[in-house]
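**Student:** Could you have a look at this structure, given as C-alpha cells, before my questions?
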Amino acid sequence: MQTIIWDHPVRLGVAGERSINGPQDALQYLNEMPQGGWFFERARNRCREALERGEALGLSRKAFIGAAIESSFPMLDDDIQA
C-alpha cells in the first residue's frame, strides 16, 4: 500500500513538535483526540475518503486543520495558510 502524504505537513504544538504528514497520520491523531464536533467528524470522513480513493488530499488537510482549531490544539501559523 502506497503512503499518501500532503504537499505540506501540519505541525502541531507550540514549536511544531508533532508533524502530521497525511491522511493516515491525521486519522491516527484524531483517534487520540477527545471526540470533537462537526469539524472532527468532517476530518475523519475526508481523511478516510482520501485514503480509500487517493483524491481530495487538499480537502482532507483543510478538514484536519479545522478539527485541530476546533479542539484548540496549538498549530504553527504557516501551516494554516498553506
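The values are calculated or read from the model by the stated rules, or taken from the named source; none is laboratory data. Remember, predicted model here, so these are calculated numbers, not experimental data. With ideal geometry, Cβ positions are generated from the backbone for all residues, glycine too; neighbour counts draw on all protein chains shown.
**Student:** Among the residues of the stretch 28-74 satisfying the criterion of being part of a helix (DSSP H, G or I) and among the polar types (S, T, N, Q), which is farthest from Glu17 (Cα to Cα)? So that I can check it myself, show each step before the final result.
**Tutor:** Step one: filter the stretch 28-74 for residues part of a helix (DSSP H, G or I), giving 28-32, 38-53, 57-70.
Checking which are among the polar types (S, T, N, Q) leaves us with 28, 31, 45, 60.
Values: Gln28: 16, Asn31: 18, Asn45: 25, Ser60: 21 Å.
Restricting to residues being part of a helix (DSSP H, G or I) and among the polar types (S, T, N, Q), the top hit is Asn45.
**Student:** If you go through the stretch 21-47 one residue at a time, how many are farther than 16 Å from Ser72 by Cβ and either surrounded by 14 or more Cβ atoms within 10 Å (Cβ to Cβ) or among the small types (Gly, Ala, Ser) (or both)? Write out each step before concluding.
**Tutor:** Taking the stretch 21-47 as the starting set, the residues that turn out to be farther than 16 Å from Ser72 by Cβ are 21-28, 31, 41-42, 44-47.
Then keep just the ones that are either surrounded by 14 or more Cβ atoms within 10 Å (Cβ to Cβ) or among the small types (Gly, Ala, Ser) (or both); that gives 21-27, 41-42, 44, 46-47.
So the answer is 12.
**Student:** Please work out if Gly13 is among the small types (Gly, Ala, Ser) and out of contact with any Pro (no Cβ under 7 Å at 6 or more places or on another chain). Working first, answer last.
**Tutor:** Values: among the small types (Gly, Ala, Ser): yes; out of contact with any Pro (no Cβ under 7 Å at 6 or more places or on another chain): no.
So Gly13 does not fit the description; no.
**Student:** A follow-up question, please. Condition first: touching a Leu at 6+ places or on another chain (Cβ under 6 Å) and crowded, with 16+ Cβ neighbours inside 10 Å. Now tell me which residues in the stretch 7-20 satisfy that. Show your work before the answer.
**Tutor:** Start the filter on the stretch 7-20 by keeping residues that are touching a Leu at 6+ places or on another chain (Cβ under 6 Å), which leaves 11, 16, 18.
Residue satisfying the conditions is Arg11 alone.
**Student:** I'd like to check something: does the stretch 8-25 contain any residue that is β-branched (Val, Ile, Thr), at pLDDT 90 or above and assigned to a loop (DSSP other than H, G, I, E, B)? Steps first, answer last, please.
**Tutor:** Here is the first cut: in the stretch 8-25, the ones β-branched (Val, Ile, Thr) are 10, 14, 20.
Filter once more, keeping what is at pLDDT 90 or above: 10, 20.
Imposing the further condition that a residue be assigned to a loop (DSSP other than H, G, I, E, B) reduces the set to none.
No: zero hits.
**Student:** Can I ask one more? Mind listing whichever residues of the stretch 48-81 are at positive phi, without any contact (Cβ under 8 Å) to a residue 40 or more places away in the chain and surrounded by 11 or more Cβ atoms within 10 Å (Cβ to Cβ)?
**Tutor:** The first filter runs over the stretch 48-81 and keeps only residues at positive phi, leaving 54, 56, 72.
Right, trim to without any contact (Cβ under 8 Å) to a residue 40 or more places away in the chain and you get 56, 72.
Answer for the stretch 48-81, where residues must be at positive phi, without any contact (Cβ under 8 Å) to a residue 40 or more places away in the chain and surrounded by 11 or more Cβ atoms within 10 Å (Cβ to Cβ): just Ala56.
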